[in-house]
Amino acid sequence: MAERDREFVEFVEQAGAGLRRTAFLVSGDRHRADDIVQDALYRLYLAWPKVRRVGNQLAYARRMVVNAAYDGNRRPWRREVATAEVPDRTGLDDFAHGYAERDEVLAALKSLGPRQRACVVLRYYEDLSVEQTAELLGCSEGTVKSQSARGLDTLRRAIDLRRTGRAAL
């Protein structure tokens, strides 16, 4: 049992930050991402002997994180939407401009549906192939391609809308 725990702790130390990043990008909320990762790691620990035998623990853990994020969206208390905007916005010449752009992308990511958001995050942020993403999400490669393309299109429009105040054609 001590060997199992040691291997699991080593895995979490190596993969924990990446799993949290994926959870954050899929869910759009840092606190929720922490909850998602904790839930996924708890379930992973219970299944660790089987996962270790099968191999590719990282792919299995990513799948658990994405599934936990999907499950969280189904719960009624997770459907809260903040509507008030922060009154003080920084100027473009401010040192925080990079953070503002990041926030803009994160806000645009939140506008995507769960499947599109997962496809975009896994394909373009986690740099997984179409095949790996399809396997991880349990869908066809065509679904990954179409959801990714639609997600990127929606992101572009959302960012254009935020920047110019009108949608791009």
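The values are calculated or read from the model by the stated rules, or taken from the named source; none is laboratory data. The structure presented is a predicted model; accordingly, all values stated were derived computationally and were not measured. Cβ sites come from the backbone with ideal geometry, for glycine too, and all protein chains shown count toward neighbours. The protein model used for the area step is the full one, side chains on, heavy atoms only, and it has no ligands, DNA or RNA in it. Shrake-Rupley method; radii C 1.70, N 1.55, O 1.52, S 1.80 Å.
Miscellaneous remarks
- The residues of the stretch 1-59 have, on average, 59 Å² of accessible surface per residue, using a 1.4 Å probe with all protein chains present.
- Using R0 = 22 Å, the C-beta based FRET efficiency linking Glu131 and Arg21 works out to 0.55.
- Electrostatic bookkeeping for Phe8 treats Lys and Arg as +1 and Asp and Glu as -1; over the other residues with beta carbon under 13 Å from its beta carbon, the sum is 0.
- Residue-by-residue Karplus 3J(HN,Hα) for the stretch 43-57, coefficients 6.51, -1.76, 1.60, Hz, glycine and proline x: 5, 5, 4, 5, 9, 3, x, 5, 4, 5, 5, 5, x, 6, 4
- Annotation: extensible slack from Val105 through Ala2 equals 32.8 nm (criterion: 0.36 nm per residue apart, minus Cα-Cα distance).
- Burial order of peptide ranges 138-149, 114-125, 20-31, 45-56 (average beta-carbon count within 10 Å, highest first): 114-125, 20-31, 138-149, 45-56
- Spin-label model distance (nm) - Leu161 vs Ala149, 7 Å beyond Cα toward Cβ: 2.2 nm
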